[in-house]
1. Report P(r) for the stretch 1-144: all Cα-Cα distances, bin width 5 Å, range 0 to the bin holding the largest distance, values in whole percent.
2. Full extension from LYS153 to LYS93: what is 0.36 nm times the residue separation minus their Cα-Cα distance, to one decimal in nm?
3. Where a ≥ b ≥ c are the square roots of the eigenvalues of the C-alpha gyration tensor, would you call the stretch 148-202 rounded, which needs a/c under 1.5, or, failing that, prolate if a/b is larger than b/c, or oblate?
4. Of all DSSP beta bridges in the stretch 1-144, what percent run antiparallel (nearest 5)?
5. Can you give the FRET efficiency to the nearest 0.05 for GLU111 and ASP35, using r as the Cβ-Cβ distance and R₀ = 30 Å?
6. Please list, or write none, the lysines whose alpha carbon is within less than 19 Å of the alpha carbon of LYS258, excluding same-chain residues fewer than 8 places away.
7. So the label point goes 7 Å from the Cα of LYS237 along Cα→C-beta, right? Which residues of the stretch 151-190 then have their backbone N under 16 Å from it?
8. At 0.36 nm per residue, and after removing the present C-alpha to C-alpha distance, how many nm does the segment from GLU134 to SER202 gain when stretched out fully?
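Values quoted throughout were computed directly from the atomic coordinates according to the rules given, and no laboratory measurement underlies them. Only a predicted model underlies this, so the values are computations on that prediction, with no experimental measurement involved. Glycine gets a Cβ as well: all are built from the backbone with ideal geometry, and neighbour counts include every protein chain shown.
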Amino acid sequence: MTVAGDFNTDTRALEKRIQAHDQFGSKDINEWIFDNLELSIGISIVDLGCGTGKQTIPLAQFVGDDGHILAVDISQEALDTLSKESEKKGLSKRIKLLCCGLDDLKMYLTENTYDRIVSSFSLYYSHHTKEVFESIRKALKVGSILFFCGPSKDNNIELRTFHNRVKGSSSSTLSGGALFMEEVGPSLTNEVFGKMEIVHFSNTLKFNSAESLCSYWSSYNLYDKNLKDKFLSEAIKHFKTQQVFETQKRVIGIKARK
């Protein structure tokens, strides 16, 4: 299953979204992810779809010198950014980088090797998802944990509603990522692992200007360059009567133990 959209694997757009979540949100998704991973010092972790290292860097800091992270991403540009950051923070010995697609994991993951496998907003990019899940299960040690997360069906519904109003459309197409997290992901996890747990996370983003709202929208797959001027105009109108624009990141997490 793949997810259409120009910004799904665009490094600059990804960094822009992460910065917006940090600047305008009130919660840290990493705290939620790491709690569900049940971390301990010295463990080995695979970070699938690691991007520029939103989870990789703090995970490497946590596991200590005896732990290690295998950071996997299809974007060499993202891995290069991660590499520079890990060197800057003195973490390069703890992090191994692997540039490959999710469907090629079986060629690189050895069986019964890893303590944790995490995937944040990425697992749904695979074409042969069941094979990927089976490769993940084989790679985990007995008793170890897979945790992956992605958008719920109501993720950013406030921003999507605003976008549709600007566009003059009443319909809102559910993203492939949301469909995966709501339906495919739970079903496959149950099938491959036998049981799983579903958890939820939400983070309200409060944008304080038309410019900040437009900047976030321009990094999101809703973005339409043909609507740029109209979107900005409507955003300016909004802030003439409102101090903030609120939209909510709504995330589904799925946890399974081998």
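1. Result returned by the calculation: 2, 10, 19, 23, 23, 16, 7, 2, 0.
2. On the way: separation 60, 0.36 × 60 = 21.60 nm, distance 3.90 nm.
Extending this stretch completely gives an extra 17.7 nm.
3. On the way: a/c = 5.04, a/b = 2.60, b/c = 1.94.
Prolate, since a/c reaches 1.5 and a/b exceeds b/c.
4. Numbers: 0 of 15 bridges.
Rounded to the nearest five, the antiparallel share is 0 percent.
5. Numbers: r = 27 Å, r/R0 = 0.92.
Plugging the Cβ-Cβ distance into 1/(1 + (r/R0)^6) gives 0.65.
6. Within the straight-line cut-off, LYS258 pairs with LYS106, LYS130, LYS138, LYS141, LYS195.
7. From the stretch 151-190, the list is 161-170.
8. Details: separation 68, 0.36 × 68 = 24.48 nm, distance 2.92 nm.
Extra length available between GLU134 and SER202 comes to 21.6 nm.
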